[in-house]
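Just so it is clear, none of the values below were taken in a lab; they were calculated from the coordinates. Predicted model only: the values in this text are computed from it and were never measured. Counting neighbours? That spans all protein chains shown, and the Cβs are built from the backbone with ideal geometry, glycine included.
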Amino acid sequence: MMNLMDLLHDSGSRGKVLLSDGAWGTLLHARGLKPGECPELWNIEQRSKVLEVARSYVEAGSNMIETNSFGGNRFKLQHFGLDERVGELNRAAAEISREACGNNALVLGSVGPSGKILMTGEVTAKELYDAFREQVIALAEGGAHAIIIETMSDLEEASLAIRAVKDHTDLDVICTMTFDKTRDGNFRTMMGISPADMVPVLLKAGASVLGSNCGNGTEGMISVLKEIREADPEVPVLIQGNAGVPEYIDGRTVFNETPELTASYIPDLVKEGVNIIGGCCGTTPEHIARICSELKNLAKK
Ligand SMILES: [Zn+2]
């Protein structure tokens, strides 16, 4: 199995767009994970169910899948009294995804935000860096082929996480931020960062692939992608949109973008130069399989 950058280079030279995976949380909840329960603990206690989710994306055609470790940093795990088990839970997350992939797909070790805000002083840069270091070393030990730092809104936190990977592993880093459309029609993270602001800072920190995940559906990602491409025509870009705008119905979050609707935006994303496509909240193996066939159709043209 080649590494991420070789795979990107090889597929890029053949004009091919790669496919990543969709949401994990939704599928774990469908298998009995309760609200308020720690998803990462399932890597130990419900291993076979996590493996099932991982396999469902490999079977849907993903060239790379993530790991069940989005909230696997010590600050997030502390809420469940599990902050002393960072190593064990992240190693297990990577091992499960490796088992599901075999030689057919790459494993991207998932790293989400710490949940702490640097600007308010509730955490120091050193504490954040140390927490990311602890998590990414464990993901590397478990066999992750690359690390994906995702759903970021703060550039300094994202940069610390990237540096922790580059300083302590030999893995390539994908980093994606989450943008919402403002009232004046621009895309900004919660901390006010634009897609164009993101590019030079995260590249300097050591990321090899940039992009965007989550947000308000696949359509808005076309504008985000254009802005990234204007800032840098060359950098590999990964896009993982939510299955539409989240709606709150009876205390539950519901996503209404069907696999067909998601797939209808793929030609525009490809035209604007995306390199890797997947999905975020609300997307399923059906979305990924549908994107997979859309990409195959486009390749024939
Ligand atoms: Zn999401």
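Given the residues 182, 189, 169, which is the only one that is within 16 Å of the ligand (Cβ to nearest atom), in contact with a strand residue (DSSP E or B) (Cβ under 9 Å, 6 or more places away or on another chain) and among the β-branched types (Val, Ile, Thr)?
After ruling out the rest, the residue left standing is 189.
In the range 1-53, what residues are more than 26 Å from residue 298 (Cα to Cα) and among the small types (Gly, Ala, Ser)?
25, 30, 32, 36, 48
From the list 52, 40, 66, 45, exactly one residue is touching a Ser or Thr at 6+ places or on another chain (Cβ under 7 Å) and either surrounded by fewer than 17 Cβ atoms within 10 Å (Cβ to Cβ) or more than 22 Å from residue 239 (Cβ to Cβ) (or both). Which is it?
40
Scan the range 208-221 and tell me whether some residue there is under 21 Å from residue 62 (Cα atoms), free of Cβ contacts under 8 Å to residues at least 40 places away in the same chain and among the small types (Gly, Ala, Ser).
yes
How about the range 222-253: which of its residues are in contact (Cβ under 8 Å) with a residue 12 or more places away in the chain and among the aliphatic types (A, V, I, L, M)? Steps first, answer last, please.
From the range 222-253, those in contact (Cβ under 8 Å) with a residue 12 or more places away in the chain are 222-233, 235-246, 253; that's our starting set.
Selection gives 222, 224, 225, 228, 231, 235, 237, 238, 239, 243, 245.
For the range 114-170: of the residues being among the β-branched types (Val, Ile, Thr) and part of a helix (DSSP H, G or I), which is farthest from residue 97 (Cα to Cα)? Spell out the reasoning first.
Filtering the range 114-170 down to residues among the β-branched types (Val, Ile, Thr) leaves 117, 120, 123-124, 136-137, 147-149, 151, 162, 165, 169.
Keeping just the survivors that are part of a helix (DSSP H, G or I) gives 120, 136-137, 162, 165.
Details: 120: 36, 136: 15, 137: 16, 162: 21, 165: 19 Å.
The qualifying residue farthest from residue 97 (Cα to Cα) is 120.
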